[in-house]
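What follows is a set of notes on a single structure, which appears directly below.
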Amino acid sequence: MTAVAPAADLAAAVEILDAARSVTVLCHVQPDADTVGSGLALAQVLNRRGVPVRVSFAEPAELPASMRSLPGIEFLVPPAQVPREVDLLVAVDCGSAGRLGALADRIDGAATTLVLDHHRSNTRFGTVNVIDATAESTTSLLARVFDAWGEPIDRPIAYCLFAGLVTDTGCFRWAGPGTHKLAERLLATGIDGAGITRTLMDTHPFGWLPMLSRVLGSACLEPAAAGGVGLVYAFVRRDDIAGLRSEEVESVIDVVRTTSEAAIAAVFKESRSTPGLWTVSLRSRDTGVGLDDGVDVAQVATRLGGGGHRYAAGYTATGTPDDLVVTLLAALRA
Ligand SMILES: [Mn+2]
């Protein structure tokens with residue numbers, strides 16, 4: 001079973017951060033608002049303390065447009081500007097070193113690596129690992145670290161923490177005990193919660209609508225998959241997403257997963273640069289309220305070389321669409 005990060009873990013994180021002379025914070029590749037919000041919140045706290053800090057992620061080259069209003073983006077540097085040897089490396093929202101992409105090699109040159117994360121599949125690749133699989137977002141874990149550290153959460157930091165919280169809880173759909181308490185505390189700093197949510201999650205260019213039409217129009221249902229709980233899936237091909245952002249691509253799973261006949265949903269997303277290379281989003285749900293019977297898709301994704309959470313996970317794969325479906329169906333039977 002997973003456990004809440006104990007106070008001792010938080011104290012270890014605080015001790016390392018408190019002693020740091022300079023810090024490099026790394027977010028995961030294809031960054032979402034949780035990893036970026038965590039990185040920028042931590043950067044602002046360190047900067048306030050007079051500690052030099054930089055934040056980076058390996059790819060893509062640009063920060064997704066929806067996140068450009070987050071406070072602290074001035075601390076972002078391109079991956080080429082992350083030195084080979086750093087004092088303290090902090091990885092935020094990364095379940096494995098591989099999630100750092102081309103920046104994973106900086107772990108070897110780091111005097112200390114601190115891993116702050118909430119993925120149940122976390123491989124504990126740091127010198128010190130503070131993993132709270134019960135945290136709804138890495139930014140929630142960061143709030144606990146700041147509290148243990150005695151560092152106040154002001155409005156710009158709250159903005160970043162809220163960005164991760166609202167994103168990773170699917171606009172508070174999968175909130176747990178304490179989620180709304182944290183949201184209340186962050187909102188009380190005066191941040192525009194509705195505006196942050198709309199910018200991050202509810203704003204798409206017009207081209208999103210025809211893309212959804214094509215992709216959803218070819219969705220498939222396999223009611224017998226995974227022992228009868230059912231699989232629904234769709235493919236987002238390179239040709240479907242020309243001119244669209246990652247935000248539009250990532251939105252597809254949130255429609256597909258609402259299918260009542262399937263408790264597992266998959267969206268296969270083809271690489272823009274490499275035909276036949278796909279990243280796969282998996283979601284699962286309980287078959288009824290309070291049943292707690294949802295398939296652990298983190299286990300399925302881990303079998304396929306990826307990772308994630310019980311109800312949301314992912315992996316990468318190569319092959320034809322038929323190959324990908326066969327492989328996934330086999331992993332769901334295993
Ligand atoms: Mn996260």
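The values are calculated or read from the model by the stated rules, or taken from the named source; none is laboratory data. What you see is a predicted model; the values in this text were computed from it and never measured. Here the Cβ positions follow ideal geometry from the backbone for every residue, glycine too, while neighbour counts run over all protein chains shown.
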key: Residues (of a type outside the set (A, V, I, L, M) and either in contact (Cβ under 8 Å) with a residue 60 or more places away in the chain or surrounded by 15 or more Cβ atoms within 10 Å (Cβ to Cβ) (or both)) located in segment 317-334   = PRO321, THR327, ARG333
task = Look at segment 34-66 and say how many of its residues are within 16 Å of the ligand (Cβ to nearest atom) and either within 19 Å of GLY243 (Cβ to Cβ) or at pLDDT below 95 (or both).
result = 2
ask   = Does PHE172 qualify as being under 24 Å from GLU250 (Cβ atoms), surrounded by fewer than 18 Cβ atoms within 10 Å (Cβ to Cβ), at pLDDT 95 or above and within 16 Å of the ligand (Cβ to nearest atom)?
value = yes
key: Residue list for segment 189-233, filter: free of Cβ contacts under 8 Å to residues at least 12 places away in the same chain, aliphatic (A, V, I, L, M) and either under 28 Å from LEU328 (Cβ atoms) or part of a loop (DSSP other than H, G, I, E, B) (or both)   = LEU209, ALA224
inquiry  = Whether any residue in segment 230-247 is under 27 Å from ASP117 (Cα atoms), within 16 Å of the ligand (Cβ to nearest atom), among the polar types (S, T, N, Q) and not assigned by the TED database to the domain that holds ALA61 is what I want to check.
reply    = yes
ask   = When the residues of segment 124-136 are filtered to those that are touching a residue at least 12 places away in the same chain (Cβ under 8 Å), under 19 Å from LEU88 (Cα atoms) and part of a loop (DSSP other than H, G, I, E, B), which remaining residue is farthest from the chain's Cα centre (by Cα)?
value = THR127
query = Do you know which residues across segment 42-97 are in a strand (DSSP E or B) and of a type in the set (A, V, I, L, M, F, W, C)?
reply = VAL53, VAL55, LEU76, VAL86, LEU88, LEU89, VAL90, ALA91, VAL92
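Residue-by-condition table, conditions (1) under 20 Å from the mean Cα position of the chain (by Cα); (2) within 13 Å of the ligand (Cβ to nearest atom):
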residue	(1), (2)
GLY109	no, no
LEU116	yes, yes
TRP149	no, no
ALA188	no, no
ILE196	yes, no
task = Test ALA163 against the stated conditions and say whether it is of a type in the set (Gly, Ala, Ser), surrounded by 11 or more Cβ atoms within 10 Å (Cβ to Cβ), more than 16 Å from PRO64 (Cβ to Cβ) and assigned by the TED database to the domain that holds ALA135.
result = no
task = For segment 101-111, state whether one or more residues are assigned to a helix (DSSP H, G or I), touching a residue at least 12 places away in the same chain (Cβ under 8 Å) and surrounded by 22 or more Cβ atoms within 10 Å (Cβ to Cβ).
result = yes
query = Name the pairs whose Cβ atoms lie under 6 Å apart, with the first residue in segment 9-25 and touching a residue at least 12 places away in the same chain (Cβ under 8 Å), the second among the basic types (Lys, Arg) and outside any helix (DSSP H, G or I), and 6 or more positions between them or separate chains?
reply = THR24/ARG54
inquiry  = Residue under question is THR139, and the condition is that it be within 15 Å of the ligand (Cβ to nearest atom), touching a residue at least 40 places away in the same chain (Cβ under 8 Å) and either surrounded by fewer than 18 Cβ atoms within 10 Å (Cβ to Cβ) or under 17 Å from ILE196 (Cα atoms) (or both); does it hold?
reply    = yes
ask   = For segment 286-299, how many residues are buried (at least 16 other Cβ atoms within 10 Å of the Cβ) and either modelled with pLDDT under 95 or within 18 Å of the chain's Cα centre (by Cα) (or both)?
value = 4
ask   = Quick one: would you say PHE162 is assigned to a loop (DSSP other than H, G, I, E, B) and within 16 Å of the ligand (Cβ to nearest atom)?
value = no
